[in-house]
């Protein structure tokens, strides 16, 4: 990676905007001005959006783009255009009557001496800086569309657009809100290392090919509500800084959330149809990838508990036992935070600290050893005062062990002529030993998938 021009800014932040609307990113990447790109000029043929959003201008530009696309297609492809891109009969009538001469004339005014591009070719927006709000709403992209390393400084709208070819948004940066509402990706869509700084809307979008979001960063909320993922879906190492809503989404193929980080919100999958091969990698520090129970703008513990419960139920159904146990423990941590009575708080605190909610086998073993020492050391001291026989070391150890494991029947081998204080200590060891042995057995059962 190039040296940052301003160490206090993220790598993809804009460091400088030039007079011609080109820009330099903080990592040194030079971005061309979008208004000099032949594809962008065609997409905004009648004018770019200004400070106030102009809906009439949006429709006029959209009709010009799609009409130009339609009229550049072969007769065979024109026949299926309405079906492929979802245009009604009335909309098709408008597109068929788009004035190509007027488009050429308007294009020449923006870029003198240059012909408008053939939209049957690949659309190239790579390394462009979009200084103004952008609308690609309901645009038809018949070939590959490439927005690689593009930066959208203002609001961008791709709602109801149709990408017939590969859609490449890898390493793109969206500085404000972006909408992909009901967008259709007919082939693969790549958002690898893309950065979304505002809120992102994929509501009811459809992915017919692979949907790749590895190392993507969502700093705002992201809505995948009712989205259909038909191909391989990858969110590996993605970062979600805000809410991630996958409710009612449908995953029809392998889905990977390995090493994904959810900083403040647990992703919600309520009523979602998850594919059996949906994975969340369990790393030693896996809890660091999930939100804390308290903090500024953090998802409330009650909502976290509900979200973890949905994930636990899915992992149980797909027989991913380690993942199921992890989400169970996260659910229990939420329950601990929500406890209202002192008794409930103490019981859940003890359950967490002595066994990590029935998962850890080291903690019960460690505490059993400490429990052994609490009986062995006082008894050893008592026997030292009354005998100089070296065997008292083993006798005192045996006495402590017999208290912790009374079901072996060793207790009868030791004298009962002891003070009441030792009887109380023996009772405490017996009760505590039973609890710790139960937690140890529970940990072994959960660790080794004993159902």
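Laboratory data are not the source of any read-out in this text; all were calculated from the coordinates shown. For clarity, every value in this text was computed on a predicted model and none was experimentally measured. Here the Cβ positions follow ideal geometry from the backbone for every residue, glycine too, while neighbour counts run over all protein chains shown.
Fewest first, what order do 274, 439 take by the number of other Cβ atoms within 10 Å?
Fewest-to-most ranking of 274, 439: 274, 439.
Fully extended, how many nm does the chain gain between residue 261 and residue 322 (0.36 nm per residue separation, minus their Cα-Cα distance)?
Extending this stretch completely gives an extra 20.1 nm.
Relative to the longest principal Cα axis of the chain, at what angle does helix 342-355 sit, 0 to 90 degrees, rounded to 10?
Relative to the chain, helix 342-355 is tipped by roughly 90 degrees.
Angle between the Cα long axis of helix 301-317 and the longest principal axis of the chain, 0 to 90 degrees, nearest 10?
The angle comes out near 90 degrees.
Run through all the Cα pairs of region 110-213 and give the fraction in each 10 Å bin from 0, expressed as whole percent.
Computed distribution, short to long bins: 16, 50, 28, 5, 0.
Along each principal axis of its Cα atoms, how long is region 190-331 end to end? Whole angstroms, biggest number first, please.
35, 35, 27
Can you compute log10 of I(q)/I(0) for region 289-366 with the Debye formula, treating each Cα as one identical point scatterer, at q = 0.11, 0.26 Å⁻¹?
-0.31, -1.21
Run lengths n ≥ 4 of DSSP H only: what is the helix-derived mean residue ellipticity at 222 nm for the chain, with -39500 (n - 2.57) per run over all residues, to the nearest 500?
-12000 deg cm²/dmol
Please order 399, 359 by the number of other Cβ within 10 Å, starting at the fewest.
The most exposed by this proxy come first: 359, 399.
Could you tell me which of rounded, prolate or oblate describes region 36-118, using a ≥ b ≥ c as the square roots of the eigenvalues of the alpha-carbon gyration tensor, with rounded for a/c under 1.5 and, failing that, prolate when a/b is larger than b/c and oblate otherwise?
Working: a/c = 2.29, a/b = 1.36, b/c = 1.68.
Judged from the Cα gyration tensor, region 36-118 comes out oblate (a/c at least 1.5, b/c at or above a/b).
Using only Cα positions of region 1-80, each an equal point scatterer, no hydration layer, compute I(q)/I(0) via Debye at q = 0.11, 0.13, 0.20, 0.27 Å⁻¹ and quote the log10 values to two decimals.
Scattering profile of region 1-80, log10 relative to I(0): -0.50, -0.63, -0.91, -1.15.
Any idea how far apart residue 75 and residue 96 come out in nm if each label point goes 7 Å out from Cα toward Cβ?
1.4 nm
Using only Cα atoms, find the angle between the long axis of helix 362-386 and the longest principal axis of the chain, and express it within 0 to 90 degrees, rounded to the nearest 10.
With both axes taken from Cα atoms, the answer is about 20 degrees.
Please state the relative contact order of the chain as a whole percent: Cα pairs under 8 Å, 6+ residues apart?
Taking the mean separation of contacting Cα pairs over the length of the chain, I get 6 percent.
Taking the Cα of residue 279, stepping 7 Å toward and past its beta carbon, and measuring to each backbone N in region 213-240: which are under 16 Å?
213-215, 232-238, by backbone N distance to the label point.
Could you please rank 114, 184, placing first whichever residue has the fewest other Cβ atoms within 10 Å of its Cβ?
114, 184
Taking each pair of distinct Cα atoms in region 230-298 once, what is the resulting Kirkwood hydrodynamic radius in Å?
Averaging 1/r across every pair of different Cα atoms and inverting gives 12.7 Å.
Can I get the semi-axes of region 119-166's equivalent ellipsoid? Compute them from the C-alpha gyration tensor as square roots of 5 times the eigenvalues, in angstrom, largest first.
Details: eigenvalues 67, 38, 10 Å².
Ellipsoid half-lengths, sorted descending, are 18, 14, 7 Å.
Translational diffusion coefficient, Stokes-Einstein: compute it for the chain using the Kirkwood radius over C-alpha pairs as Rh, at 4 °C and 1.567 mPa s, and state it as an integer in µm² s⁻¹.
Stokes-Einstein gives a translational diffusion coefficient of 49 µm²/s.
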